[in-house]
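The values are calculated or read from the model by the stated rules, or taken from the named source; none is laboratory data. These numbers were taken from a predicted model, which means no experiment stands behind them. Glycine gets a Cβ as well: all are built from the backbone with ideal geometry, and neighbour counts include every protein chain shown. Surface areas here come from the heavy atoms of the whole protein model, side chains and all, with no ligands, DNA or RNA. Shrake-Rupley method; radii C 1.70, N 1.55, O 1.52, S 1.80 Å.
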Number of protein chains: 2
Amino acid sequence: MAKEGVEKAEETEHMIEKDGGKDQESVLTVGDTKEMRAVVLAGFGGLNKLRVTKKAMPEPLEGEVKIRVKACGLNFLDLMVRQGNIDNPPKTPLVPGFECSGIVEALGENTKGFEIGDRVMAFVNYNAWAEVVCTPLEFVYKIPDGMTFPEAAAFSMNFVAAYMMLFEVANLREGMSVLVHSAGGGMGQAVAQLCSTVPNVTVFGTASPFKHEAIKDSVTHLFDRNVDYVPEVKKISPEGVDIVLDCLCGENTGKGLGLLKPLGTYILYGSSNMVTGETKSFFSLAKSWWQVEKVNPIKLYDENKVIAGFSLLNLLFKQGRSSLVKIVVDKLISLYNARKIKPLVDSLWALEEVKEAMQRIHDRGNIGKLILDVEKSPTPLMANDSTETSEAGEEEEEEEDHEGDTDKERMPFIQ
Amino acid sequence: MAKEGVEKAEETEHMIEKDGGKDQESVLTVGDTKEMRAVVLAGFGGLNKLRVTKKAMPEPLEGEVKIRVKACGLNFLDLMVRQGNIDNPPKTPLVPGFECSGIVEALGENTKGFEIGDRVMAFVNYNAWAEVVCTPLEFVYKIPDGMTFPEAAAFSMNFVAAYMMLFEVANLREGMSVLVHSAGGGMGQAVAQLCSTVPNVTVFGTASPFKHEAIKDSVTHLFDRNVDYVPEVKKISPEGVDIVLDCLCGENTGKGLGLLKPLGTYILYGSSNMVTGETKSFFSLAKSWWQVEKVNPIKLYDENKVIAGFSLLNLLFKQGRSSLVKIVVDKLISLYNARKIKPLVDSLWALEEVKEAMQRIHDRGNIGKLILDVEKSPTPLMANDSTETSEAGEEEEEEEDHEGDTDKERMPFIQ
């Protein structure tokens, strides 16, 4: 993804050249075709690196679909991107966001299968958090009539990733057990719902205690995310579990592997542990990301265990597996139409509210997926909370961030 | 397995206490119920540590089946056991062997489902290479009428392991590709046959050139095991393969992982590289076994790859998964009855010929499985080749083996 990311970032840089510093508008009329609002990440760091600005509107190249965006998904990965806490981070400024839903507004050449006006959801290699997105045909999927735009934006990444991990990487079958962390989040809920499509699957989940009541129907056994889940799981299932999905990292790899039954599969799909606090330098976080415990294949042999990594974005944008993902999306839409799965939307946020939305993910306040609703106006209370405060000073501060942990001086966004 | 191994070894030690030094007999009559012939490994090391001797015949405990053995399977693992090149090796002397076929001769208490006279195949936690074996009920399976005893002895370990790796650990489906090493061996042939039960599966195999003609119908693309298979595979399939089954070790883990397509699965199931030569000390081999390259889960995440280890014996004897294996055996017997798979037997050997048989595996001369045929007399030519030569001297030499590589003075068994 790194390479594509860099290319996109350069493109972004070029595009905003003429637009920097312009004031944002809360609503853009359809007639205003040359500019669009977008969330821009000015540099890696805290929430104050995000702002909404106007940018030149992209036009579709050959094989691309131009989408008038209605809703965008906000993922934990976006917090990592904001902190620059990913391998080979792209250059800033950039427009974050990897998924959106909306209406096809124009088509590049050689884009069969879509028509203007189609309701679609799409993956984008950055640039999703904008009023208009262009992305190659292969990453665009029509959405069923009954699915709302926020649902569609909450659907693609979480459900595709959950499905592929459970059924392609692991081999979830009747009677198995699954452990998922952050069970109350968008991914956790996708996992829980997909598990419910297989008879007699036990789901173990960790989540903040205040979420337990809300998600107890989807998760068989819920544990407080602040306590050690290993003894809790073993109390219920002394032999362990068949599948561990780990969005955490570091010490959890060993713990997750240790919890596996023979022939069980541990899948590392993310790293929410890496985004531990707004007050920490992202460079100290990046360090721990790379210090993850390595695995001896002989141990896997002795214990009959499987360890896997899963990155949907790499699969799509680095490894050219969009045709495989398309098949999975079709299966998921069938499950949606059969009312077996339904994306759980936590809340809708205006583009201007992206910081509050991120803070909510960071504080683990969400139950289900956070959605940026492009047509939503910021709530009056938040509208005064300027996204441009002390811009120059922050830019200077950024240089120091690279050297050490100066973030202690930063104020949390929501006080 | 270590724990059970040690226990069995102690039992063995006790059993042969009164029998040590007795001359072997080539045929034992049925009436002679108190003693039996067995292959005994006197200590870890070269072929000269093996001999055939008389031992007290075991009687079935509660839940055990007593089998009059007709044929035993000889696996690469047996060479590793002989060299002591396994984790926590059991104490010597011991009777090697993990699988056999034969006729039920007696039943312990609480052994429902079997009758005296039943034709069966069985897993044993050591002690298979004997005229009589007792093993718990859960490791015994009836064999179909059409299956010969040598076929049955060639069936259980290789086909069960191949099936579980392809269909339980990995998820072999139509159109996928599989790389298997030692494609001409018992395991390689089981893998190739099972791959042929799924439409449009491409099998890449490495094997000694002289075997290519014999196995070319079962393997789509054959490579000389002495050349680097990576560029050869990439020439045909630039994206790599979906499943790599690796019975080698060390540098091959990295090579195997590198050959995987995204979402591909690498399975380490053995370590034939560890048995590199009769002239090498098994302690230097054990060292390389433990120096296998470790895997960073982050790399798996970036590349969307899966790494697994598979040990059927651990699954059976350490991890209590016999009921799962039973289901697999039933499926395999259905495939056998449908004539979709058929164990390939390379050659039959008398117990007294176990050294020659091992040498043949070591020299990679076999195409298919080597079987110890318990009722077979040694061929006259080999019968003179005493298995008891200079026994005392060797025992003294063994101490030195622990310190360094003194094996150069050993003569190869077949000259």
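The table below gives the values:
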item: Label geometry 7 Å along the beta-carbon vector: A:Ala56 inter-copy distances in nm; result: 9.1
item: Extension gain, B:Asn226 back to B:Val198 (0.36 nm per residue minus Cα-Cα distance, nm); result: 7.2 nm
item: Lysine pair count for the range B:37-166 [Cα-Cα under 15 Å; pairs on different chains or 8 or more apart]; result: 5
item: Contact surface B-A: accessible area buried, both sides summed, square angstrom, 1.4 angstrom probe; result: 3800
item: Pseudo-label separations to other copies for A:Ile236 - Cα-to-Cβ vector, 7 Å, nm; result: 4.7
item: For the range B:157-248: rounded, prolate or oblate by the Cα gyration tensor [a/c cutoff 1.5]; result: oblate
item: In order through the range B:132-149: 3J(HN,Hα) via Karplus (6.51 cos²θ - 1.76 cosθ + 1.60), integer Hz, x for Gly, Pro; result: 9, 9, 10, 8, x, 2, 5, 9, 10, 9, 5, 10, x, 4, x, 8, 6, 5
item: Low-density loop cleavage sites - GluC sites (Glu not before Pro) in the range B:73-113, where at most 13 other Cβ are within 10 Å (DSSP); result: B:Glu109
item: Per residue, in Å², the accessible surface of the range B:148-194 once ligands and nucleic acids are set aside, probe 1.4 Å; result: 17
item: Across the identical copies, how the A:Asp87 labels are spaced - nm, sorted shortest first, 7 Å along Cα→Cβ; result: 2.6
item: Within 10 Å of each Cβ in B:309-317, the average number of Cβ atoms from other chains; result: 4
item: For the A-to-B rotation axis, chain A residue with nearest beta carbon and its distance in angstrom; result: A:Lys294, 2
